[in-house]
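Here the structure comes first, spelled out in structure tokens, and everything after it is commentary.
The values are calculated or read from the model by the stated rules, or taken from the named source; none is laboratory data. All of these numbers come straight from a predicted model, not from anything done at the bench. For neighbour counting, all protein chains shown are included, and Cβ atoms are generated from backbone atoms with ideal geometry for every residue, glycine included.
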Amino acid sequence: MIKTKKTGELIIISGTTCAGKGTIINKLLENNNNICLSTSYTSRPIRPKETNGVDYYFVTHEEFEEKIKNNDFLEYARVRYREYFGTPKKEVIEILKSGKDVILEIDVQGAQIIKEKFPNTLLIFILAPSMEEVKRRILKRKTETQEQIIDRFKTAYKEINEVNKYNYVVINDDIDKCVEKVKSIILANKCRVDRIEEMSVENEEEFMHELLMDKDFINLKIDYGE
């Protein structure tokens, strides 16, 4: 008999700017009650159409720094425009203990910090088909200044050079196919040997004796053909 671990899997999904991470994650969450997206904390101002506690937990710089002192984060960083972003420790661990998988949508730096603390974390990197496609998607949004776009591209090139630190890389040239690939990776990851918590194997001599005494086995006829 084989008994596997009941705890959930920690899954990190990173990727270059405009690679479609958010869309992929939303599709993974559809009709799947056994997987959750961790909501991060941030010190940046809330934007129109965003909801506190859904998109992020929005806090002040002082509140964020107090949480750092209290060791409330699995990882955190001060990134673009000097704003804080962090992954809550208590919420993530509680979800994992309940048996559900947790997805973290974080950058390369945060992914490596988490991997050091939780070596079995599954790391998946999403790539856009090309940087030319990234440029097209950014310009289409018309939401950022020229300086912000250049900053995004610089970050993207740095992150691509860190891809070899991930377990899997998936190119998002077709959203539905990309989602299916990620689903397959997550499913395969659950079959790791280290997920086995307990394994009991029948005594070989006893089993073979019972087999030789089994009437169905004794009367078994095998046709090997001519």
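Among the residues of segment 99-115, write down those that are of a type in the set (Lys, Arg) and touching a helix residue (DSSP H, G or I) at 6+ places or on another chain (Cβ under 6 Å).
Answer for segment 99-115, where residues must be of a type in the set (Lys, Arg) and touching a helix residue (DSSP H, G or I) at 6+ places or on another chain (Cβ under 6 Å): there is none.
Where the second residue is surrounded by 12 or more Cβ atoms within 10 Å (Cβ to Cβ) and of a type in the set (A, V, I, L, M) and the first is within 13 Å of Gly15 (Cα to Cα) and modelled with pLDDT of 85 or more and lies in segment 129-141, which pairs have Cβ atoms under 8 Å and are six or more apart or on separate chains?
Pro129/Ile171
Could you grab me the full set of residues in segment 128-159 that are among the β-branched types (Val, Ile, Thr) and either outside any helix (DSSP H, G or I) or farther than 24 Å from Lys27 by Cα (or both)? Don't jump to the end; show me each part of the working.
To start, the set of residues in segment 128-159 that are among the β-branched types (Val, Ile, Thr) comprises 134, 138, 143, 145, 149-150, 155.
If the condition is that a residue be among the β-branched types (Val, Ile, Thr) and either outside any helix (DSSP H, G or I) or farther than 24 Å from Lys27 by Cα (or both), then Thr143, Thr145, Ile149, Ile150, Thr155 are the ones that fit.
Name the residues in segment 159-177 that are surrounded by 13 or more Cβ atoms within 10 Å (Cβ to Cβ), closer than 21 Å to Ile114 by Cβ and not aromatic (Phe, Trp, Tyr), would you?
The answer is Glu159, Ile160, Glu162, Val163, Lys165, Asn167, Val169, Val170.
Can you spot a residue in segment 126-136 that is out of contact with any helix residue (DSSP H, G or I) (no Cβ under 6 Å at 6 or more places or on another chain) and closer than 30 Å to Asn34 by Cβ? Spell out how you get there, then give the answer.
We begin by selecting, within segment 126-136, every residue out of contact with any helix residue (DSSP H, G or I) (no Cβ under 6 Å at 6 or more places or on another chain); these are 127, 129-136.
Among the residues that remain, those that are also closer than 30 Å to Asn34 by Cβ are: 127.
Yes, segment 126-136 contains a residue that is out of contact with any helix residue (DSSP H, G or I) (no Cβ under 6 Å at 6 or more places or on another chain) and closer than 30 Å to Asn34 by Cβ.
Got a sec? Which of Ile106, Ile124, Ile185 is touching a Phe, Trp or Tyr at 6+ places or on another chain (Cβ under 6 Å), buried (at least 16 other Cβ atoms within 10 Å of the Cβ) and either touching a residue at least 40 places away in the same chain (Cβ under 8 Å) or not hydroxyl-bearing (Ser, Thr, Tyr) (or both)?
On inspection, the qualifying residue turns out to be Ile124.
Taking the criterion of being β-branched (Val, Ile, Thr), in contact with a strand residue (DSSP E or B) (Cβ under 7 Å, 6 or more places away or on another chain) and farther than 21 Å from Tyr168 by Cβ, would at least one residue in segment 59-70 satisfy it?
yes
State which residue is modelled with the highest pLDDT when the search covers only segment 109-127 and only residues that are under 19 Å from Ala19 (Cα atoms) and part of a helix (DSSP H, G or I). Please lay out each step first, then the result.
Start the filter on segment 109-127 by keeping residues that are under 19 Å from Ala19 (Cα atoms), which leaves 109-111, 122-127.
Okay, now just the ones that are also part of a helix (DSSP H, G or I), so 109-111.
Values: Gln109: 89, Gly110: 92, Ala111: 95.
Among those residues, the one meeting the criterion is Ala111.
Can you name the residue in segment 63-91 that is among the hydrophobic types (A, V, I, L, M, F, W, C) and without any contact (Cβ under 8 Å) to a residue 40 or more places away in the chain and is also surrounded by the fewest Cβ atoms within 10 Å (Cβ to Cβ) among such residues?
Ile68
Do we have any residue at all in segment 32-49 that's of a type in the set (Val, Ile, Thr), closer than 30 Å to Lys190 by Cα, in a strand (DSSP E or B) and out of contact with any Cys (no Cβ under 9 Å at 6 or more places or on another chain)?
So far as segment 32-49 goes, yes, one or more of its residues are of a type in the set (Val, Ile, Thr), closer than 30 Å to Lys190 by Cα, in a strand (DSSP E or B) and out of contact with any Cys (no Cβ under 9 Å at 6 or more places or on another chain).
Within segment 32-62, which residues are touching a Ser or Thr at 6+ places or on another chain (Cβ under 8 Å), loosely packed, with under 13 Cβ neighbours inside 10 Å and either at pLDDT below 95 or on the phi > 0 side of the Ramachandran plot (or both)?
Across segment 32-62, the qualifying residues are Gly53, Val54.
Pick out the one residue from Ile25, Ile106, Ile11 that is within 26 Å of Ile175 (Cβ to Cβ), in a strand (DSSP E or B) and not small (Gly, Ala, Ser).
Ile11
What number of residues within segment 132-143 are of a type in the set (A, V, I, L, M, F, W, C) and surrounded by fewer than 15 Cβ atoms within 10 Å (Cβ to Cβ)? It would help to see each step written out before you state the result.
Step one: filter segment 132-143 for residues of a type in the set (A, V, I, L, M, F, W, C), giving 134, 138-139.
Now drop any that are not surrounded by fewer than 15 Cβ atoms within 10 Å (Cβ to Cβ), which leaves 139.
Selection size over segment 132-143: 1.
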